[in-house]
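The values are calculated or read from the model by the stated rules, or taken from the named source; none is laboratory data. Model, not experiment: these values are computed from the prediction. FYI the Cβ positions are ideal-geometry reconstructions off the backbone, even for glycines, and counts take in every protein chain you see.
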Amino acid sequence: MEETPRPTTSSDLLEYFEGKIVGQPSTAERIIPFIQTYKAGLTSEHRPIGVFLLLGPTGTGKTRTVEVLAEALHGNAQRYLRIDCGEYQLDHEVAKLIGSPPGYLGHRETVPALSKQKLAESITPDCDISLVLFDEIEKAAPSLARLLLGLLDKGRLTLGDNTTVNFDKSLIFLTSNLGAREMMREMTPTFGFGGQPDHAERAQELAGKLESIALAAVKKMFSPEFVNRIDAVITYQPLSEAAIAKILEHQIDELQHHVNSRLGPRCFSIEVTQSARDFLLGRGVSVQYGARELKRVVYRFLTQPLATMVAENLVPPGSTVIAGVDAGNEKIDLQVRLAEHAVSPAEKPALLIVDDNAELLKYLKNVLKSERWEVRTAASAEAAVRCCEEQPIALALVDYMLPGMDGLALSKRLRATRPSLQLILMTGGGEMSVNEESGLGSDVPVLQKPFLIGDLVSLVQTRMQRGDADGALTVGSR
Ligand SMILES: Nc1ncnc2c1ncn2[C@@H]1O[C@H](COP(=O)(O)OP(=O)(O)O)[C@@H](O)[C@H]1O
Ligand SMILES: [Mg+2]
């Protein structure tokens, strides 16, 4: 996937960060100075570069903060060492973080989750700062806090096999939703969920209140020594409606970026109407989960159906897919609007009609064109062959009776140059069948003239989907 340029200066980093983390203004301001101090060579050794406690309700951007930093420093949102504390709820599970001492049964098989190697894997040649995340620490057994104490204090950790791992080039993040419930309660009576204080002064007052609630909860759970080793406590505010709408916008932009980089010259634009946005926001936001659900909802209602359309070749390059809401307000409805200036014909697999009846040729061309296909016509076998050399043809609709060469021979010849070519034969004879001695296989349908135009269109439709699928890529991945 195409990479965005990486921020280098402090203000670049700030800007990068603020463009990605919505509605949490102090986050970047608190973290970035620690990175700068390290880069200037001014951090004290034998300590992590910085230790941050990120507090606040679920789905407000705590984990995302570390991903954005990983993107900024290492060019990859997943390049950080993550310890999911939910997996260490019991003391013996916490022991897995450091591995068992030698002599214990199976000690060689246990790779400690906090090993030197894991740490080394989280850095890149461009940046030697490792990001270490202890996610949702409130879920871990109390012994984790004890283990962390040494790590936070001295920047090193002794493993079960007595080797030490150095964290003095690490930024350590601890996230927790401790106090989140009380924080929400504080928000609700005044502003309601998603409400935003109307005065900056009141916003500040509220932020202060939320911070002290969070801190009180932390002090209740962790020892004073532990709290003392934290460099900055950052409180995440519940997201306002406007912030969540902006996050949706980011996610739509990301989807567009993804389409552009995956499909290259075959890419298209995505336009999401206000009603579709409201639909996604309505389903993707909850008091309990913040914006967490939004990502899933976008994936399910927008990315997946779009990917299906792309795989079925229903989205021509350069067109615009407009996402609206269906009549029942049950799902997102995707409509393709064709580009005003079509993509150069050489890039686009087309449909070829071969018939020496000029009148019929013109009629069929108009009908199929109005179905949004790129249509070429040929009145003779030679013209058809030439046409196939000029441009990739996905499907040829060939009349049996042609001057000079019959339709079967021509079909065979065209298919020899492009094995994935889909074929449909037309005949006025009534008795023709393709599977016998034709050499074309039995998958070539024959339309008896006269035929209903609707039958032709639906036949072409299914064949076009089935046939030439090169360039049909799956959009979106998880
Ligand atoms: N403040 C925010 N800015 C941008 N995106 C956010 C924000 N908060 C949540 N999101 C979106 O919601 C998803 C879940 O948020 P996450 O950071 O995992 O929540 P938590 O605070 O529970 O760790 C993120 O991946 C991101 O897409
Ligand atoms: Mg999280």
Fill in: Residues satisfying the stated conditions in the stretch 234-252, i.e. of a type in the set (A, V, I, L, M) and either at pLDDT below 90 or away from ligand 2 (no atom under 16 Å from the Cβ) (or both)
L239, A242, A243, I244, A245, L248, I252
Worksheet item: Quick one: which of Q117, Q36, Q78, Q89 is under 19 Å from I137 (Cβ atoms) and modelled with pLDDT of 90 or more?
Response: Q89
Worksheet entry | Filtered residue count, the stretch 275-311, keeping only those that are more than 16 Å from ligand 2 (Cβ to nearest atom), surrounded by fewer than 18 Cβ atoms within 10 Å (Cβ to Cβ) and among the small types (G, A, S) | 3
Response to the item:
For the stretch 58-102, the count of residues that are on the phi > 0 side of the Ramachandran plot and either more than 14 Å from ligand 1 (Cβ to nearest atom) or acidic (D, E) (or both) equals 2
Practice prompt. Please go through the stretch 21-42 and pick out each residue that is surrounded by 14 or more Cβ atoms within 10 Å (Cβ to Cβ), part of a loop (DSSP other than H, G, I, E, B) and without any contact (Cβ under 8 Å) to a residue 60 or more places away in the chain.
Written response: I21
Item to complete: Please state which of the following conditions I137 fails to meet, knowing it meets all the rest: (1) free of Cβ contacts under 8 Å to residues at least 24 places away in the same chain; (2) within 16 Å of ligand 1 (Cβ to nearest atom).
Response: (1)
Response to the item:
Restricting attention to the stretch 30-78, the residues that are charged (D, E, K, R) and under 25 Å from K154 (Cβ atoms) number exactly 4
Worksheet entry | Tally, over the stretch 394-416, of residues that are outside any loop (DSSP other than H, G, I, E, B) and touching a strand residue (DSSP E or B) at 6+ places or on another chain (Cβ under 9 Å) | 12
Fill in: Which listed residue is over 27 Å from the mean Cα position of the chain (by Cα), assigned by TED's automatic domain parsing to the domain that holds F222 and polar (S, T, N, Q), from Q24, Q78, Q89
Q89
Fill in: First in the stretch 157-179 and not assigned by TED's automatic domain parsing to the domain that holds L119, second anywhere and at pLDDT below 90, Cβ under 7 Å, 6 or more apart
none
Practice prompt. Could you check, for the stretch 272-293, whether at least one of its residues is out of contact with any helix residue (DSSP H, G or I) (no Cβ under 9 Å at 6 or more places or on another chain) and of a type in the set (F, W, Y)?
Written response: yes
Worksheet item: Which of (1) in a helix (DSSP H, G or I); (2) at pLDDT 90 or above does A95 not meet, given it meets every other one?
Response: (2)
Discussion item. What's the number of the only condition in (1) closer than 30 Å to A216 by Cα; (2) out of contact with any strand residue (DSSP E or B) (no Cβ under 7 Å at 6 or more places or on another chain); (3) surrounded by 15 or more Cβ atoms within 10 Å (Cβ to Cβ) that F173 fails to meet?
Written reply: (2)
Fill in: Candidates H92, H74 - the one that is crowded, with 21+ Cβ neighbours inside 10 Å and without any contact (Cβ under 8 Å) to a residue 60 or more places away in the chain
H74
Discussion item. Contact list please: Cβ distance under 6 Å, first residue in the stretch 46-68 and in the same structural domain as E29 (by TED's automatic domain parsing) and farther than 21 Å from L215 by Cβ, second residue part of a helix (DSSP H, G or I) and more than 13 Å from ligand 1 (Cβ to nearest atom), pairs at least six apart or on different chains.
Written reply: H46/K154; I49/F34; I49/Y38
